[in-house]
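The values are calculated or read from the model by the stated rules, or taken from the named source; none is laboratory data. Keep in mind it's a predicted model, so treat the numbers as computed, not measured. Glycine gets a Cβ as well: all are built from the backbone with ideal geometry, and neighbour counts include every protein chain shown.
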Amino acid sequence: MSQKRTEKKNYNLLAITILSAIGILLSLYLTYVDAGGGHAAFCTAGTDCDVVRQSAFAKMLGIPVAAYGVAAYGAILAVSLLSMARKKRWLILFVLSLAGFVFTLYLTYLELFVINAICMYCVVSAFIITAIFILTLVLKKTEHPKMNGLRALGLGLVVAGVVFFGAAVMQGEHLRDSAGAAASDPYQTGLAKHLGKTGAVMYGSFKCTHCMEQKKLFGDAFKYVTYVECHPQGPDANPSLCFARGIQNYPTWEINGAYYQGTMSLERLAQISGYQPEN
């Protein structure tokens, strides 16, 4: 390999290493925010960014999507470092970057056509993984020049199919777990009716994962709770009321004139609202 080609290869690998390191930091930050239940910087309640991150599609098998990003970028970083140590790992790098690129396309499709909102952090990550994938394709000339192009294309199609299908299945499992309302027991029903009778209100968004979890705690008894949909595209939406009440996080409970943010246990709701179950 000529010195010029070697230098070009090293520059590409260095760029991939730096980009993957940035991707790790970004994904770690978002995973940390998800674990704490807060909002990321420049991602205030009600914005497109918040809608995406609070949506039912923000997790796969109960794990935040950002956590998968940490693993993917970490693997790419490790392989790029091995390649810089003159150990040819182009094929592995190609598979990893392609998998990440296809996964990003899947998430972008969800944002554009399902969630109808765009997250700026997702856009940054999409640019990063796309750049890594392009740099990996450029590397083929120096790292794996003898590999047949059709073989690489065939492998790429297999990887793309597996990633896309796997992501759809895993996300479908999480959505099924989050969706269905189970039959309620007397305590759930009694508390829900009590909250409804005493004027308690839950403000939320139909795209909010935490709201789904809150509703799931009540089972089918949630129908007795007064619920206000804050997202303009949600069913029977009343965003003006949410704005007037100063609602900034979902879910938010209004009980006895006080506001409480976040998913709350049934016991906590009973304590705040003064519910006493009948013996």
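This table checks each residue for (1) surrounded by fewer than 18 Cβ atoms within 10 Å (Cβ to Cβ); (2) in contact with a helix residue (DSSP H, G or I) (Cβ under 9 Å, 6 or more places away or on another chain); (3) part of a helix (DSSP H, G or I); (4) modelled with pLDDT under 90.
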site	(1), (2), (3), (4)
Lys87	yes, no, no, yes
Ala99	no, yes, yes, yes
Val102	no, yes, yes, yes
Leu107	no, yes, yes, yes
Glu111	no, yes, yes, yes
Ile118	yes, yes, no, yes
Tyr121	no, yes, yes, no
Val124	yes, yes, yes, no
Thr130	yes, yes, yes, no
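May I ask you to verify whether Leu91 is modelled with pLDDT of 80 or more and surrounded by 23 or more Cβ atoms within 10 Å (Cβ to Cβ)? Break it down into steps so the answer makes sense when it comes.
Details: modelled with pLDDT of 80 or more: yes; surrounded by 23 or more Cβ atoms within 10 Å (Cβ to Cβ): no.
Criteria not met by Leu91.
Name the residues in region 248-263 that are modelled with pLDDT under 90 and either closer than 13 Å to Val201 by Cα or surrounded by fewer than 15 Cβ atoms within 10 Å (Cβ to Cβ) (or both), would you? I'd like the intermediate steps shown before the answer.
So the first thing to find is which residues in region 248-263 are modelled with pLDDT under 90, and the list is 248-251, 261-263.
Matches in region 248-263: Tyr250, Pro251, Gln261, Gly262.
Considering only region 85-106, how many residues are within 15 Å of Val65 (Cβ to Cβ), touching a residue at least 60 places away in the same chain (Cβ under 8 Å) and not hydroxyl-bearing (Ser, Thr, Tyr)?
3
So that you can scan it fast, the table gives a plain yes or no per residue for (1) in the same structural domain as Leu98 (by TED's automatic domain parsing); (2) hydroxyl-bearing (Ser, Thr, Tyr); (3) over 16 Å from Ala131 (Cα atoms); (4) surrounded by 15 or more Cβ atoms within 10 Å (Cβ to Cβ):
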| site | (1), (2), (3), (4) |
| --- | --- |
| Ser20 | yes, yes, no, yes |
| Phe42 | yes, no, yes, no |
| Val65 | yes, no, yes, yes |
| Ala72 | yes, no, no, yes |
